[in-house]
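Visitor: Could you have a look at this structure, given as structure tokens, before my questions?
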Amino acid sequence: MPAAVPRRSHGKLGIFGVVFVAGAAMLVYTGIDARHRSNAELTQWTEAQAVPTVTLVTLNSQPGVVSLNLPGRLQANNSAPIFARVSGYVKDWKVDIGAAVKAGETLADIEAPDQDQQLLQAKADLANAKAAEVLADLTLKRERPLLASNTVAQQEIDQRVADLASKQAAVNSGAANVQRLEVLSAYKTVTAPFDGLITERNTDVGNLIAAGSNAGRPMFVVSDVRTLRAYVNVPQNYAPAVKIGSKTLVSVPEYPGRTFAAKVVASARSVDMSSGTTQMQLAVDNSKGELMPGAYANVKVDLSGVAGTFRIPVSALVFDEKGLRVATVGPDSRVAFKAVTIARDLGSEIELGSGVQAGDRVIAAPPDGLAEGDPVHVGGADPGSPAPKVASAQ
């Protein structure tokens with residue numbers, strides 16, 4: 001017969017089983033509880049991630065300064081193309097490009113033999129007319145006393161008077177012709193019309209010169225560069241803000257980092273229909289001669305903002321079927337849209353004319369799909385934080 005199991009051993013096994021079952025039950029309970037807590041944290045994190053984080057725009061009602069950069073061209077204040085007034089050949093020229101000249105200074109001499117012969121002929125014709133006048137006058141003086149004795153008829157005296165008047169008119173005509181040719185002969189010496197620089201020379205010794213401004217290129221171009229003009233085309237929406245007398249800065253590629261003072265002196269006061277701009281003229285001081293006419297220039301105009309308006313980035317605007325709006329964040333951290341109007345388009349920024357107030361919290365870049373009343377987080381939060389781990393039951 002097998003030996004009997006002691007009662008004491010059975011008691012130990014029962015106690016161990018109870019402890020094991022209790023421990024297993026506790027472990028299962030702990031795992032289930034941890035899983036519930038993890039699920040709650042995950043739900044809370046998911047809900048937090050569903051609320052977008054936005055940044056706000058700082059509204060400033062003080063009118064700021066708008067810098068407007070416009071391309072332009074520099075031109076001489078006075079620029080005169082010099083054409084010949086007489087036809088002939090260039091005898092010699094006195095100045096070359098880049099030379100500074102004074103008003104009345106000789107630029108070139110022209111040989112005009114045809115002009116000289118015409119003047120000689122005109123003088124001879126004048127002398128002939130004067131001789132005819134003298135003869136007509138003497139004839140009238142001899143015959144007028146004979147009228148009293150009826151030796152000559154009144155008709156003949158009248159003819160002599162008319163003939164004298166004709167001869168006197170011929171003398172006046174001849175004198176005017178001589179004077180005209182003498183004036184033209186003076187143009188054989190080409191002179192500078194004002195103080196300036198020779199910016200072009202298109203002639204040389206022996207060149208055939210034809211009189212008139214439609215006979216090709218000018219002999220010289222004289223430019224007054226002590227003051228330069230710059231023409232810029234100002235967009236229509238900025239034109240009213242650019243006043244006559246406004247100070248501007250001009251920069252050119254050949255002097256990087258430097259600017260030259262300029263002033264608005266004239267405005268076309270009309271809008272070009274093809275470009276939508278208004279042409280304005282600036283005066284640039286060039287007393288040191290550093291700037292060159294014909295050069296490209298960048299003109300910077302500082303414009304004061306409109307008082308009582310607010311500037312926001314372009315990204316803050318929302319344009320949909322409800323019109324132009326901005327998204328604001330209310331005290332309850334929920335979105336509220338406001339309709340706005342644009343006062344001026346400043347490129348990367350917009351100057352609002354109405355729709356917002358100083359206390360409004362405008363969203364800088366509203367995310368797609370944002371709707372009225374949606375909750376949002378304002379700055380600071382980290383939407384990219386990792387999701388909590390979900391505990392699994394052991």
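Visitor: Show the residues, 5+ positions off or on another chain, whose built amide H is closer than 5 Å to the amide H of Gly353.
Guide: Thr341, Ile342, Ala343
Visitor: Would you work out which of Gly289, Ala211, Ala239 lies farthest towards the positive end of the dipole of the stretch 196-325? Charges go on Cβ: Lys and Arg +1, Asp and Glu -1.
Guide: Ala239
Visitor: How much of Ser166 can a 1.4 Å solvent probe reach, expressed as accessible area in Å² and rounded to 10?
Guide: Answer for Ser166: close to 70 Å² accessible.
Visitor: Sticking with this structure for a sec: So what's the stretch 197-339 giving for Rg/Rh, alpha carbon basis, Kirkwood Rh from the mean inverse pair distance? Could the numbers behind the result be given before it?
Guide: Details: Rg = 24.5 Å, Rh = 20.1 Å.
Expressed as Rg/Rh, it is 1.22.
Visitor: Put +1 on the Cβ of every Lys and Arg and -1 on every Asp and Glu Cβ in the stretch 167-263; which of Asn202, Gly174, Val225 then has its Cα farthest towards the positive end of the dipole?
Guide: Looking along the dipole axis, the top candidate is Val225.
Visitor: Please report, in debye to the nearest 20, how large the charge dipole of the stretch 147-266 is about its Cα centre when each Lys and Arg carries +1 at its beta carbon and each Asp and Glu carries -1 there. All intermediate terms of the calculation are to be shown ahead of the outcome.
Guide: Working: 12 positive and 9 negative charges, 156 e Å.
Dipole of the stretch 147-266, to the nearest 20 debye: 740 debye.
Visitor: Calculated FRET efficiency, Ser213 and Asn237, Cβ-Cβ r, R0 41 Å, to nearest 0.05? All intermediate terms of the calculation are to be shown ahead of the outcome.
Guide: Numbers: r = 41 Å, r/R0 = 1.00.
After rounding to 0.05, the efficiency reads 0.50.
Visitor: Probe radius 1.4 Å, ligands and nucleic acids left out: which of Arg144, Arg344 has the largest accessible area, and how do the rest follow? Walk me through the intermediate numbers first.
Guide: Working: Arg144 120, Arg344 20 Å².
So, going from the largest accessible area down, we get Arg144, Arg344.
Visitor: What does the charge count around Ala162 come to, taking other residues whose C-beta lies under 14 Å from its C-beta (Lys +1, Arg +1, Asp -1, Glu -1)?
Guide: Working: positive: Arg144, Arg160, Lys167; negative: Glu133, Asp137, Glu143, Glu156, Asp158, Asp163.
Cβ neighbours under 14 Å give a net charge of -3.
Visitor: Give me Rg/Rg_expected for the stretch 152-225, where Rg uses Cα atoms only and Rg_expected = 2.2 N^0.38 Å with N residues.
Guide: On the way: Rg = 23.3 Å, N = 74, 2.2 N^0.38 = 11.3 Å.
Normalised Cα radius of gyration, the stretch 152-225: 2.06.
Visitor: Assigning unit charges at the beta carbon (Lys, Arg +1; Asp, Glu -1) and nothing else, what dipole magnitude in debye, to the nearest 20, does the stretch 215-351 show about its Cα centre? Please report the intermediate quantities before stating the final value.
Guide: Details: 16 positive and 12 negative charges, 62 e Å.
So the magnitude is around 300 debye.
Visitor: Please report the net charge: other residues with Cβ closer than 12 Å to the Cβ of Val171, K and R +1, D and E -1. It would help to have the intermediate numbers written out before the result.
Guide: Working: positive: Lys130, Lys167; negative: Asp125, Glu133, Asp137.
Value of the local net charge: -1.
Visitor: When averaged across all projection directions, what area in nm² does the alpha-carbon convex hull of the stretch 93-159 cover?
Guide: Numbers: hull surface 33.4 nm².
Computed as one quarter of the Cα hull surface, the answer is 8.3 nm².
Visitor: Could you go through the stretch 257-270 in sequence order and give the Karplus-derived ³J(HN,Hα) for each residue, using 6.51 cos²θ - 1.76 cosθ + 1.60 with θ = phi - 60°, rounded to whole Hz, and x for Gly and Pro?
Guide: For the stretch 257-270, the Karplus curve yields x, 10, 10, 10, 6, 9, 9, 6, 10, 7, 9, 5, 6, 8 Hz.
Visitor: If you filter the stretch 284-371 for GluC sites (Glu not before Pro), then keep DSSP loop positions with at most 10 other Cβ within 10 Å, what is left? Mind dumping the intermediate values first?
Guide: Working: sites: Glu290, Glu321, Glu349, Glu351; in loops: Glu290, Glu321.
Passing both the DSSP loop test and the Cβ count: Glu321.
Visitor: Whole-Hz ³J(HN,Hα) for each residue in the stretch 191-205, computed from phi via Karplus 6.51 cos²θ - 1.76 cosθ + 1.60 with θ = phi - 60°, x for glycine and proline: what do you get?
Guide: Along the stretch 191-205, the couplings run 10, 7, x, 7, 5, x, 10, 7, 9, 8, 9, 10, 9, 8, 4 Hz.
Visitor: Would any residue of the stretch 93-136 have its amide N under 17 Å from a label point 7 Å out along Cα→Cβ of Val205? List them or say none.
Guide: Residues 93-97, 107-112 fall inside that zone.
Visitor: Describe numerically, in nm with one decimal, the distance between label points set 7 Å from Cα along Cα→Cβ at Asp285 and at Phe319.
Guide: Going from the Asp285 label point to the Phe319 one covers 4.4 nm.
Visitor: What are the residues whose amide H is under 5 Å from the amide H of Leu303, where those residues sit 5 or more places off or on another chain and H is modelled from the backbone?
Guide: When sequence neighbours closer than 5 places are left aside, the close amide H contacts are Val66, Ser67, Leu68.
Visitor: If you don't mind, there's one more thing I want to ask. Could you work out how far apart the two model spin labels at Ser267 and Asn150 are, taking each label as a point 7 Å from the Cα in the direction of the beta carbon, and quote it in nm?
Guide: 8.9
Visitor: Another question, then. Would you mind telling me the share, in percent, of accessible area of the stretch 198-341 contributed by carbon and sulfur at probe 1.4 angstrom? Present the calculation step by step, with values, prior to reporting the outcome.
Guide: Numbers: 4040 of 7720 Å².
Ligands and nucleic acids excluded, carbon and sulfur give 52 percent.
Visitor: A follow-up question, please. Using the Karplus curve 6.51 cos²θ - 1.76 cosθ + 1.60 with θ = phi - 60°, what ³J(HN,Hα) values do you get for each residue of the stretch 165-179, in whole Hz, with x for Gly and Pro?
Guide: Computed from phi, the couplings for the stretch 165-179 are 4, 5, 5, 5, 5, 5, 5, 4, 5, x, 5, 5, 5, 4, 4 Hz.
Visitor: Let me make sure I get this right: for the stretch 183-277, a, b and c are the square roots of the gyration tensor eigenvalues over alpha carbons, sorted descending. Under 1.5 in a/c it's rounded, otherwise prolate if a/b > b/c, else oblate. Which is it?
Guide: It comes out prolate by the Cα gyration axes.
Visitor: Counting only heavy atoms of protein chains, what accessible area per residue, in Å², does the stretch 62-163 have with a probe of 1.4 Å? Walk me through the intermediate numbers first.
Guide: Numbers: 6270 Å² over 102 residues.
Solvent-accessible surface per residue comes out at 62 Å².
Visitor: Take Thr151, Thr58, Thr341, Thr278 and sort them by solvent-accessible surface of the protein heavy atoms, 1.4 Å probe, largest at the top. If you can, show how the numbers build up before the last one.
Guide: Numbers: Thr151 90, Thr58 125, Thr341 70, Thr278 10 Å².
From most exposed to least exposed: Thr58, Thr151, Thr341, Thr278.
Visitor: About the Cα centre of the stretch 249-293, how large is the charge dipole given +1 on each Lys and Arg Cβ and -1 on each Asp and Glu Cβ? Please answer in debye to the nearest 20.
Guide: Values: 4 positive and 4 negative charges, 27 e Å.
The dipole magnitude comes to about 120 debye.
The values are calculated or read from the model by the stated rules, or taken from the named source; none is laboratory data. Everything numeric in this text was worked out from a predicted model, so none of it was measured. Note: ideal-geometry Cβ built from the backbone for every residue, glycine included; neighbour counts use all protein chains shown. The protein model used for the area step is the full one, side chains on, heavy atoms only, and it has no ligands, DNA or RNA in it. Shrake-Rupley method; radii C 1.70, N 1.55, O 1.52, S 1.80 Å.
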